[in-house]
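Everything below concerns the one structure shown next.
Every number here is computed from the coordinates shown, using simple stated rules; none is lab data. Keep in mind that this is a model prediction, so the values were computed, not measured. Here Cβ is always computed from backbone atoms with ideal geometry, including for glycine, and neighbour counts include all displayed protein chains.
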């Protein structure tokens with residue numbers, strides 16, 4: 001009897017398990033068919049409108065994205081300026097990942113507290129005396145007058161501006177990344193904060209700090225009046241300081257970039273490590289190209 005009971009119980013359990021499996025299979029079939037019907041159901045009008053709106057808006061999104069300003073890509077050299085000067089006499093120094101990193105490099109010098117203190121104390125009178133001598137010579141050559149409206153580019157704390165004012169050129173101002181009132185206002189020489197044809201005279205001894213030399217020159221020619229004079233002091237026979245962004249080996253690249261001006265003279269000078277003075281006069285009549 002025990003054997004019969006055990007065998008019967010085993011059969012009952014097996015039958016129950018098989019019944020459960022069959023029930024599970026039927027349930028899965030129903031779920032599968034329900035899912036297929038749902039997938040084949042036509043989309044609602046609301047979903048149609050959503051998809052249509054998305055497709056219509058996509059071109060607008062793409063257009064807006066294309067109009068966004070491009071971020072600087074980290075590279076060893078500034079791509080817009082590379083190999084545009086036609087000769088090896090002007091070379092952009094490598095190492096700037098972006099324009100922002102270039103600006104920060106220049107600020108490292110301009111904001112150096114020890115240098116600023118030096119410029120305002122020990123260097124102050126000495127530099128005013130030397131700049132004054134340069135400007136007096138330009139006055140004798142009738143390239144500068146007391147009536148000139150003058151700009152000094154990259155003027156730091158303003159020694160050259162003070163020198164101009166002391167020799168009678170009272171309408172003089174400087175620009176630099178860091179303002180130093182009342183002589184120097186804030187400004188980027190790649191994008192001068194002045195109207196076209198503002199100045200009669202512009203002076204700079206920081207050409208070597210220009211990351212984009214053609215923009216530096218272009219802004220000078222834009223803000224000079226026709227017949228106005230630009231005086232640059234540059235280093236040709238020696239490498240400029242560690243904060244310089246370019247190295248110039250002849251005056252030819254300068255002459256090539258000053259497309260709206262003519263050379264007045266070049267001469268040797270001794271100007272705080274800069275050895276050459278190049279003077280340009282903006283043409284009064286710009287010939288049509």
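When the residues of region 186-207 are narrowed to those that are in contact with a strand residue (DSSP E or B) (Cβ under 6 Å, 6 or more places away or on another chain) and not in a loop (DSSP other than H, G, I, E, B), which ends up farthest from residue 96 (Cα to Cα)?
200
Within region 127-167, restricting attention to residues that are farther than 23 Å from residue 280 by Cβ and over 34 Å from the mean Cα position of the chain (by Cα), the residue that is surrounded by the most Cβ atoms within 10 Å (Cβ to Cβ) is 166. The set of residues in region 227-264 being more than 25 Å from the chain's Cα centre (by Cα) and free of Cβ contacts under 8 Å to residues at least 60 places away in the same chain consists of 227, 228, 236, 237, 238, 251, 261, 262, 263.
Here's the yes/no breakdown for (1) over 23 Å from residue 213 (Cα atoms); (2) touching a residue at least 12 places away in the same chain (Cβ under 8 Å):
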position: 104; (1), (2): no, no
position: 118; (1), (2): yes, no
position: 146; (1), (2): yes, yes
position: 176; (1), (2): no, yes
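What are the residues in region 208-240 that are part of a loop (DSSP other than H, G, I, E, B) and touching a helix residue (DSSP H, G or I) at 6+ places or on another chain (Cβ under 8 Å), if any? Spell out the reasoning first.
Step one: filter region 208-240 for residues part of a loop (DSSP other than H, G, I, E, B), giving 210-212, 235-240.
If the condition is that a residue be part of a loop (DSSP other than H, G, I, E, B) and touching a helix residue (DSSP H, G or I) at 6+ places or on another chain (Cβ under 8 Å), then 210, 211, 212, 235, 240 are the ones that fit.
Within region 106-136, track down each residue that is under 16 Å from residue 177 (Cβ atoms) and part of a loop (DSSP other than H, G, I, E, B). So that I can check it myself, show each step before the final result.
Initial filter on region 106-136 (under 16 Å from residue 177 (Cβ atoms)): 106-113, 115-116, 119.
Listed by number, the residues that qualify are 111, 112.
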